[in-house]
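What follows is a short report on a single structure.
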Amino acid sequence: MRVDVFTIFPEMVAGFAGQSLLGRAAAKGLVDVRVHDLREHTTDVHRTVDDTPFGGGAGMVLMPEPIFASVETADPPRPLLLLGPGGRRFDQGVARELAAGEGFSLLCGRYEGVDDRVRTELCDGELSIGDYVLGGGEVAAMVVLEAVGRLVPGVMGNAASAGEESFSDGLLEYPQYTKPAVFRGLEVPAVLRSGDHGRVARWRRAQALRRTVRDRPDLIEARGGLSAEEQALVEELAGDDPPPRR
Ligand code: JF5
């Protein structure tokens, strides 16, 4: 999978892509992240990428020329998606869609704005990671790279792990524990040490359901509620919950 990123902070994105799971994925030849510095396509001595807005107002706007030149030179994989708060909400479903393709590209916008001809004439769509404003799209690009990268087959060490966790079935994770069995008087639930794999699986399923109902009822709604079987499991294992947060 090839992913091209267009940014005025290439070191930030390249540093991230070279570390983390993406760095190992690149070394294995599974993903090819190409970071493009928009300043390399400026023509003036100051390497200017922004200018004042027509019509007046505060802040600076990213100019179209360096962006068009950078994108046209790279001939990046499509879709080219502009990162900014006006975009389609990025979620695990979008991550799966992007991971299923051969590649895509990200253009990091700036808070002050990007010349709108970039959005209408060069980009194929817009993506937002959430309803808050960032200084630029770079952090959003890293979120997208990580979420999509880990879904590319072979990237995760354990092939099962990417699909088994939160959101793969629309539920939060069940509680996890490791040694010691008793930490400051707090015991790991006995069922997890029982060696009864069937009971462990049922407890985990019930806990994932109970946690999601309690903390993220919107996720239960989104998957169309609980089945009768799930409802029964949730009720049967009531009283088996971890203690409340202190
Ligand atoms: C940006 C115009 C880009 O603020 C963001 C963002 C928030 N969610 N997803 C991305 O990106 C920076 C701001 C304004 C373009």
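The values are calculated or read from the model by the stated rules, or taken from the named source; none is laboratory data. Being a predicted model, the structure only gives us computed values, none of them experimental. When we count neighbours, we look across all protein chains shown, and the Cβ atoms used for this are built from the backbone with ideal geometry, even at glycine. The protein model used for the area step is the full one, side chains on, heavy atoms only, and it has no ligands, DNA or RNA in it. Shrake-Rupley method; radii C 1.70, N 1.55, O 1.52, S 1.80 Å.
At a Förster distance of 51 Å, what's the computed FRET efficiency of residue 214 paired with residue 121, Cβ-Cβ distance as r, to 0.05? Once the sixth-power term is evaluated, E becomes 0.60.
The residues of the chain have, on average, 58 Å² of accessible surface per residue, using a 1.4 Å probe with all protein chains present. Hey, any idea what % of segment 166-240's accessible area is carbon plus sulfur with a 1.4 Å probe? Here it works out to 52 percent.
Report the residues of segment 1-17 in range of a label on residue 69: point 7 Å along Cα→C-beta, backbone N strictly under 18 Å from it. Only 6-10 fall inside the zone, counting backbone N under 18 Å.
Residue 104 sits with roughly 0 Å² accessible to a 1.4 Å probe, with DNA, RNA and ligands left out of the calculation. Across the accessible surface of segment 24-75, with the other protein chains kept in place and a 1.4 Å probe, carbon and sulfur atoms take up 51 percent. Averaging 1/r across all pairs of distinct Cα atoms in the chain and inverting the result yields a Kirkwood radius of 21.0 Å. Only helical runs count toward this figure. For the chain, summing -39,500 (n - 2.57) over DSSP H runs of n ≥ 4 and dividing by all residues gives -11000 deg cm²/dmol at 222 nm.
Close amide H partners of residue 34, meaning residues 5 or more places away or on another chain with modelled amide H under 5 Å apart, are 3, 4, 5. Of 18, 228, 170, whose Cα points farthest to the positive end of the dipole of the chain (charges on the beta-carbon: +1 Lys, Arg; -1 Asp, Glu; origin at the Cα centre)? Projecting each Cα onto the dipole axis, the largest value belongs to 228.
The length gained on full extension between residue 51 and residue 236, counted as 0.36 nm times the residue separation minus their Cα-Cα distance, comes to 60.3 nm. Computed extension length for residue 222-residue 139: 27.2 nm, one decimal, from 0.36 nm per residue of separation with the Cα-Cα distance subtracted. When peptides 144-152, 61-69 are sorted by average Cβ neighbour count within 10 Å, with the highest value leading, the order is 144-152, 61-69. Could you calculate the FRET efficiency of residue 24 with residue 245 from 1/(1 + (r/R0)^6), where r is the beta carbon distance between them and R0 is 35 Å, rounded to 0.05? That gives a FRET efficiency of 0.50.
Test of understanding: in a Gaussian network model of the chain with alpha carbons linked when under 10 Å, which of 181, 17, 26 would top the mean-square fluctuation ranking? Of the options given, 181 has the highest mean-square fluctuation.
Database remark: amide H of residue 114 closer than 5 angstrom to the amide H of 62 (H placed geometrically; neighbours at sequence offset of 5 or more, or on other chains; Pro and chain starts carry no H).
Given Cα positions, please report Rg to Rh for segment 166-240, the hydrodynamic radius being the Kirkwood one. Rounded to two decimals, Rg/Rh equals 1.01. With both partners inside the chain, how many of the DSSP beta bridges are antiparallel, as a percent to the nearest 5? Roughly 20 percent of the DSSP beta bridges within the chain come out antiparallel. Here the Gaussian network model covers the chain, with springs between Cα atoms less than 10 Å apart; of 173, 187, 11, 187 fluctuates the most.
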